[in-house]
């Protein structure tokens, strides 16, 4: 019999957005403990373009195996098409969403009309949440949740020896979110508000009204003011920008405070000790259980997932070009016919 095929976006050579190719490939079959999902929408995330570029700057020992050609993507929402013989959690026709195989594999294979997924990575999509919103949620939502609310696993982090522990957030707590308009940032802001914290949002001025609508108590336009010069006595900084500039946020913390960089960052250990603060990070991991909790908050209207822009799967190159321009408000999503 002729092999059944589907459309998928693959990388055959590492490079810029122009390296994304819209190919005909075989429809995958679910292995043990997996389902086959007919994809409705796909979230676009930084690891997608890092993988497209060949993961430059990441130590080789931190990378899982990868071989070309690669189907990108880990954030998916869709409908279960088929299940493996040992799967009881889902059935054909169920609407699901998930973060696929992250970080154990960077080849989540979500940029496609069909994708296989471990059942443990999936949650049922709430009926009141559309596929665009669901696809935009997994990586950004789980990152915010695992940094701020509940790590939910005991896997060691590749970024530090000790286990990450979220700090208590509640009334009387001040949280500063740097890069608050992005995927992780805008959800972290709302989770902190859900817990009763006072939240300071840092972003460019174009995002002020958006972030105040989400609940920001104070807004700092980094193009006009330096956060470290205007914010003080902060209990927790979630820095979604990271990098070498993350250390400049240390002065905003009160003694006993904590700074959580989402991306790789470097700090002077002596300065950290002298200020009496904590630096901690982790790596987001797939979790259908935690996604189910996020889904309930979204359906209840407690969390709003913002969509920056949408593109058909065939225009993934344009979606990546949009990401490269930066100043994203929420998430970029690919739609699948």
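The values are calculated or read from the model by the stated rules, or taken from the named source; none is laboratory data. These numbers were taken from a predicted model, which means no experiment stands behind them. All Cβ positions, even for glycine, are placed from backbone atoms using ideal geometry, and neighbour counts span all protein chains on display.
Flag not set for residue 288, criterion: within 25 Å of residue 146 (Cα to Cα) and either out of contact with any helix residue (DSSP H, G or I) (no Cβ under 6 Å at 6 or more places or on another chain) or modelled with pLDDT under 95 (or both).
Examine the stretch 156-165 for a residue that is touching a residue at least 12 places away in the same chain (Cβ under 8 Å), in contact with a helix residue (DSSP H, G or I) (Cβ under 8 Å, 6 or more places away or on another chain) and surrounded by fewer than 24 Cβ atoms within 10 Å (Cβ to Cβ), and state whether such a residue exists. For the stretch 156-165, residues touching a residue at least 12 places away in the same chain (Cβ under 8 Å), in contact with a helix residue (DSSP H, G or I) (Cβ under 8 Å, 6 or more places away or on another chain) and surrounded by fewer than 24 Cβ atoms within 10 Å (Cβ to Cβ): present. Applying the condition of being in contact with a helix residue (DSSP H, G or I) (Cβ under 7 Å, 6 or more places away or on another chain) and closer than 21 Å to residue 269 by Cβ to the stretch 219-237 and asking which residue is modelled with the lowest pLDDT yields 228. Taking the stretch 167-231 as the region of interest, the helices (runs of 4 or more DSSP H) fully inside it that hold 3 or more residues being under 24 Å from residue 150 (Cβ atoms) are 183-194. Looking across the stretch 307-336, the residues that are farther than 19 Å from residue 76 by Cβ and in contact (Cβ under 8 Å) with a residue 40 or more places away in the chain come down to 317, 318, 321, 324, 327, 328, 329.
Here the condition is being touching a helix residue (DSSP H, G or I) at 6+ places or on another chain (Cβ under 7 Å), in a strand (DSSP E or B) and not assigned by TED's automatic domain parsing to the domain that holds residue 262; of 123, 117, 144, it holds for 123 alone. Checking the condition assigned by TED's automatic domain parsing to the domain that holds residue 88, part of a strand (DSSP E or B) and surrounded by 14 or more Cβ atoms within 10 Å (Cβ to Cβ), which residue from 52, 38 passes? Just one listed residue meets the conditions, 38.
For the stretch 199-215, a residue qualifies if it is more than 14 Å from residue 176 (Cα to Cα) and surrounded by fewer than 16 Cβ atoms within 10 Å (Cβ to Cβ), and the qualifying residues are 204, 205, 206, 209, 213.
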